[in-house]
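Engineer: If you scroll down you'll find the structure; I have some questions about it.
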Amino acid sequence: MAIQVNSIRSQFPILHQEVNGNPLIYFDNAATTQKPKVVLDAIQQYYEVDNSNIHRGAHTLADRATQQFEETRESVRAFIGAKESAEIIFTRGTTESINLVAKTFGSAFIQKGDEIIISTLEHHSNIVPWQMLCEQNGAILRIIPITDTGELIWEEFEKLLSSKTKLVSVVHASNALGTINPVKRIIDAAHAVGAKVLLDGAQSTSHLDVDVQALDCDFLAFSAHKLYGPTGLGVLYGKRELLEAMPPFLGGGEMIREVTFEKTTYNTIPFKFEAGTPSIAEVIAFKSALDFITSTGKANIHRHENDLLKYVVDLLQDVKGIIPVGTAAEKVAVFSFNIQSMHPFDVGQLLDAKGIAVRTGHHCTQPLMRRLGIEGTVRASFAAYNTRNEVEVFAQAVTKIASLKNK
Amino acid sequence: MSTIADIQNEIVAEFEILGDDRESTIFYIMELGGNLEPYPEDLRKEEYIIQGCQSKVWLVAEEKEGKVHYRADSNTDITKGLISLLIRVLDRRSPKEILEANLDFIPRIGMGNILGSQRSNGLAAMMNQMKRYALAFQTKQNA
Ligand SMILES: Cc1ncc(COP(=O)(O)O)c(C=O)c1O
């Protein structure tokens, strides 16, 4: 079913504005998506009607807030196909989710000489936590190389895998290039040598149907703000037996069963990993974001975004001076490119003058940029509310900018 | 020779002709970068880089007959254009003139608004570094 873009757009108040004298074209969705009215309303409703701390108060407001908070956990469970909602842990974002695994699973189950495999495509948040862990405990970080088109080299990955591999932590879909990694194959191959797998789902959860049970991944990390939800909220999915075996992350309220000065016993999952008062309003409003996605239809959104990606590639592929970056066969709706003889920052500024928001730079993937021999790219990334007309305006603007230095 | 204030007035008048159109203003700034004296490759070193975010700036200065001569470059064309404006205003003047200069042409041409915070901060860092060079030469002259 084709989606009704106009009716979707009408649900996003922020889209209806002019920027620098032109209608806003928001193509920075891989950085963060805009929020539908239902999400904004849910935040307001929470503070106006239900605000109170959860899991504690013996009063009606606390009950209501707790109930809604836990309803979101159930929605997230359903969204990623997890077996039980106790396997859903709320964090501050993908970054915190990955750090949580590095600090807890990493310190308990990865030792000196053990190996962790990541890929050249990783976002800094799936590199630095492992470097920190390796520095601490003497484990070794191995990197899967990529081809010039931005795809993992499978044979090289197989060579890296061994009985020393304890964890494979890879991005499901690259934020800088859009490449979709063959994660099912990666997971099966890693499991065959006894390694666990963490998927960085920051980009994939918004563009693909991610089912943790079908994939059989051990961990999945993602951020609400890239899924039409609030900022400051993320999810870590982990298999129950792993989460139970892992030591806690932060210490404090909520995560304990009983505290005495001699000994503290910990709460059960997921609470063991949710110390302190969480982002209650954000969690509650995230349910509305997931409802928005489900009611619009994941498959419909993905088809629409892919259509926009194809269209932009079509419009720009023969334009002189355009250098697409990342041309993997399987991609999410991310169009990364450079213009011959121009710096991406300048291109971004010229697009901004036309009201077009894109991201420029290294996209927090400096090792990837170094591998590709470039400083950065200009990145346009699409969401459910973007239109073919916006793609046309964008392509015209890019064509004009490219002509400056490419006669 | 015209004063720093005269040249700033000239620049403001030139930008007024461009009016409010952001795109043509940026195109114009990018073209201005072409006026920069070529930057010597042997001075393209880490130690001459001014901290910026996405755009890099190299800046060196030397003293010639009591005047400061600046040379600079950037990896982005917009920044190069901005540098060329700063150089047009400050180059080949005495340290005293440079240190006393009230550099107000940037806000007067509404540049902060066009550039956004990243580039505006970079531009401020560049101006500071130019004044710092002038101060160093003045200290040397007075020594
Ligand atoms: C692939 C990928 N991983 C991790 C992150 C980090 O997400 P967050 O900043 O929400 O923690 C991002 C966001 O830019 C991303 O695109």
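Engineer: Scan region A:338-368 for residues that are assigned to a helix (DSSP H, G or I), without any contact (Cβ under 8 Å) to a residue 40 or more places away in the chain and not aromatic (Phe, Trp, Tyr) and report the count. Working first, answer last.
Structural biologist: Applying the first criterion (assigned to a helix (DSSP H, G or I)) to region A:338-368 yields A:344-353, A:366-368.
Next, from what is left, pick out any that are without any contact (Cβ under 8 Å) to a residue 40 or more places away in the chain: A:344-346, A:348-349.
Add one more test, that the residue is not aromatic (Phe, Trp, Tyr), and what stays is A:344, A:346, A:348-349.
The total comes to 4.
Engineer: So, A:HIS304, is that one touching a residue at least 12 places away in the same chain (Cβ under 8 Å), crowded, with 16+ Cβ neighbours inside 10 Å and closer than 25 Å to A:THR120 by Cα or not? Give the steps one after another, and end with the answer.
Structural biologist: On the way: touching a residue at least 12 places away in the same chain (Cβ under 8 Å): yes; crowded, with 16+ Cβ neighbours inside 10 Å: yes; closer than 25 Å to A:THR120 by Cα: no.
So A:HIS304 does not fit the description; no.
Engineer: Hey, does region A:82-90 have a residue that's in the same structural domain as A:ALA224 (by TED's automatic domain parsing), closer than 21 Å to A:GLY229 by Cα and within 16 Å of the ligand (Cβ to nearest atom)?
Structural biologist: Checked region A:82-90: at least one residue is in the same structural domain as A:ALA224 (by TED's automatic domain parsing), closer than 21 Å to A:GLY229 by Cα and within 16 Å of the ligand (Cβ to nearest atom).
Engineer: Please determine whether any residue of region A:98-115 is farther than 13 Å from A:LEU242 by Cβ, touching a residue at least 60 places away in the same chain (Cβ under 8 Å), in a loop (DSSP other than H, G, I, E, B) and within 16 Å of the ligand (Cβ to nearest atom).
Structural biologist: Scanning region A:98-115, I find no residue that is farther than 13 Å from A:LEU242 by Cβ, touching a residue at least 60 places away in the same chain (Cβ under 8 Å), in a loop (DSSP other than H, G, I, E, B) and within 16 Å of the ligand (Cβ to nearest atom), so the answer is no.
Engineer: Quick test of your reading of the structure: A:GLU155 fulfils all but one of (1) within 22 Å of the chain's Cα centre (by Cα); (2) more than 19 Å from A:PRO129 (Cβ to Cβ). Name the failing condition by number.
Structural biologist: Checking A:GLU155 against (1) within 22 Å of the chain's Cα centre (by Cα); (2) more than 19 Å from A:PRO129 (Cβ to Cβ), the one that fails is (1).
Engineer: Starting from residues that are within 16 Å of the ligand (Cβ to nearest atom) and surrounded by fewer than 18 Cβ atoms within 10 Å (Cβ to Cβ), keep the ones in region A:212-246 and report whichever is farthest from the other protein chains (Cβ to nearest Cβ).
Structural biologist: Looking only at region A:212-246, we keep the residues that are within 16 Å of the ligand (Cβ to nearest atom), and these are A:217, A:219-237.
If we keep only those that are surrounded by fewer than 18 Cβ atoms within 10 Å (Cβ to Cβ) too, we end up with A:231-232.
On the way: A:THR231: 19, A:GLY232: 22 Å.
Here the answer is A:GLY232.
Engineer: Here are some conditions: (1) more than 26 Å from the chain's Cα centre (by Cα); (2) within 12 Å of A:ILE284 (Cβ to Cβ); (3) not acidic (Asp, Glu). A:GLN68 meets all but one. Which one does it not meet?
Structural biologist: So the condition that A:GLN68 fails would be (1).
Engineer: Does at least one position in region A:136-156 carry a residue that is within 13 Å of the ligand (Cβ to nearest atom) and away from chain B (no Cβ under 14 Å)? If you could, list the steps in order and put the result at the bottom.
Structural biologist: Looking only at region A:136-156, we keep the residues that are within 13 Å of the ligand (Cβ to nearest atom), and these are none.
No; the residues of region A:136-156 include none that is within 13 Å of the ligand (Cβ to nearest atom) and away from chain B (no Cβ under 14 Å).
Engineer: One residue is enough: does region A:45-67 have a residue meeting the conditions out of contact with any helix residue (DSSP H, G or I) (no Cβ under 6 Å at 6 or more places or on another chain) and within 16 Å of the ligand (Cβ to nearest atom)?
Structural biologist: Taking every residue of region A:45-67 in turn, none turns out to be out of contact with any helix residue (DSSP H, G or I) (no Cβ under 6 Å at 6 or more places or on another chain) and within 16 Å of the ligand (Cβ to nearest atom).
Engineer: Something else: Taking A:SER119 as the residue in question, decide whether it is within 16 Å of the ligand (Cβ to nearest atom) and at pLDDT 95 or above. Walk me through how you get there before you give the answer.
Structural biologist: Working: within 16 Å of the ligand (Cβ to nearest atom): yes; at pLDDT 95 or above: yes.
Criteria met by A:SER119.
The values are calculated or read from the model by the stated rules, or taken from the named source; none is laboratory data. Keep in mind it's a predicted model, so treat the numbers as computed, not measured. In this analysis, Cβ positions are derived from the backbone assuming ideal geometry, glycine residues included, and neighbour counts consider all displayed protein chains.
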